[in-house]
Structure formats: C-alpha cells, structure tokens
Amino acid sequence: MVKDEDIGKVMEILRANVPPHPYKSREPFKVLIATVISQRTKDEVTYTVAEKLFGKYPLPRDLKNAPTDDIAHLIYPAGFYKQKAKKIKEIAKIIDEDYDGKVPDNLEELLKLPGVGRKTANIVLSRCYDKDVIAVDTHVHRISNRLGWVNTKTPEETERELMKVLLKKYWKDINELLVMFGRTICRPVAPKCDVCPIKKYCKYYKENKKG
Ligand code: SF4
C-alpha cells in the first residue's frame, strides 16, 4: 500500500516541476469541445484549431447552426475531423436546446452527450466546476501504474482504484499534473527516468532502472 506521505511528496514535487497545462480556458463549453477535439490529436493541433473554431463560433447556439463542413474545415488537421465535426454540432445542439446553453455540471448528464466518456466528463467537472473527481486518460493510467499507486488494466479501473488510494484533495489536480508530466518526462515510450524528479518514489524505477 502506498503511503499518503509519499503521494503528498510526489504531488509537491510535480507541482513545482511540471509545466502548466497549455490550455488555459476554464469555460465549460470550450473545455468540453477542446477535449473532444483532443482525442487522438496532438496538443499543438488541438488548442490551435479549438481557438480557431471558437473564434468563429463562440457559443453552443453558433456551433449548432454552423455547417458541419465548416466545422470540419476549422478543426482540420485534428484526427477524425469529419466525425468530430458531426459530434461537436450534435453536442452544441443538445447543450443549446436541452440545457439552455449551459454545459451540465454532473457526470450523469455529461455522459449522455455524444462522444463524451468518463474522461472528458471528469475533465470538465474538475477543471471547470471544481468538482472532486479524477479524470483518467492514458497518461494518468500509465503513470499511476508505473508509480505503483495502482495495478490496473483499464482507465476505468484506474479511476476506481485511485479514488481509494489518493486523498480527495488531490483528485481534481491529478489529471493536469500527470498529463504534463507524461508529455515531458514519463513518456509512454522511453520515459526519462534518469532526470525524473520523483524516481525515488517510483515502483517502475526501482524494479527496472535502479542500480
Ligand atoms: S522514474 Fe521513470 S517511470 Fe518512474 S515516474 Fe519517473 S519517468 Fe516515470
């Protein structure tokens, strides 16, 4: 069992060392749509095209009425841009018509939106509504396992296990911290363990690199 004290230390070190997340917006609709765009897409592309899209269509009502082709054109070269354009338009329509233009602030309603899974919903809830939830994407899943905080096969399982292991005060921050840490140091392939500031707390390091 990982000690709370060690997790606290890791969080402190990460907060001091990890670069800030590049997408600054805390507006629920923007964060929601940007997260949909981000699936299988590089960050540089995601945030550039998201801003281009919101520059032309800032509100759910604007996007609902936008031609799908134009949305696709604006978010290109995001992966699966044509499918995402359709989803974005559908989401905008539902938010505008069923929720009076306001993104819901609970998991159940968010999960009803097309193309929105637990990760996306939890990103919106933690980042925009300050809710104590854990958004688990591939970075959070991979790094939590490498650190030895969990021993899991899927992001869903990781979310459940992290809720047992992590004190609640860390839940909403863990995604942004581990995402940025995963992009810079604890990369999917060839993690930079030699320069990692938390290696002394890492199970993977102890088992594979040390000595
Ligand atoms: S020591 Fe290596 S595997 Fe462990 S957290 Fe650091 S970069 Fe990741």
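The values are calculated or read from the model by the stated rules, or taken from the named source; none is laboratory data. On a predicted model such as this, the values are computed, not experimentally measured, just so you know. Here the Cβ positions follow ideal geometry from the backbone for every residue, glycine too, while neighbour counts run over all protein chains shown. Accessible surface areas use protein heavy atoms only, side chains included; no ligands, DNA or RNA. Shrake-Rupley method; radii C 1.70, N 1.55, O 1.52, S 1.80 Å.
Listed values, structure above:
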{"read-out": "Sole residue being within 16 Å of the ligand (Cβ to nearest atom), open to solvent by 10 Å² or more (accessible area, probe 1.4 Å) and part of a helix (DSSP H, G or I), chosen from 206, 119, 164", "value": "206"}
{"read-out": "Residue 128 being within 16 Å of the ligand (Cβ to nearest atom) and buried (at least 18 other Cβ atoms within 10 Å of the Cβ)", "value": "no"}
{"read-out": "Cross-chain or 6+ apart pairs with Cβ under 7 Å, the stretch 1-16 first and of a type in the set (Asp, Glu), then open to solvent by 20 Å² or more (accessible area, probe 1.4 Å)", "value": "4/167; 6/201"}
{"read-out": "Residue list for the stretch 125-144, filter: more than 20 Å from residue 203 (Cβ to Cβ) and among the polar types (S, T, N, Q)", "value": "126"}
{"read-out": "Output for the stretch 133-167, where each listed residue is among the polar types (S, T, N, Q) and either touching a strand residue (DSSP E or B) at 6+ places or on another chain (Cβ under 8 Å) or farther than 17 Å from residue 18 by Cβ (or both)", "value": "145, 151, 152, 154, 158"}
{"read-out": "Selection count, the stretch 99-110, where residues are open to solvent by 70 Å² or more (accessible area, probe 1.4 Å) and either more than 16 Å from residue 26 (Cα to Cα) or not assigned by TED's automatic domain parsing to the domain that holds residue 63 (or both)", "value": "2"}
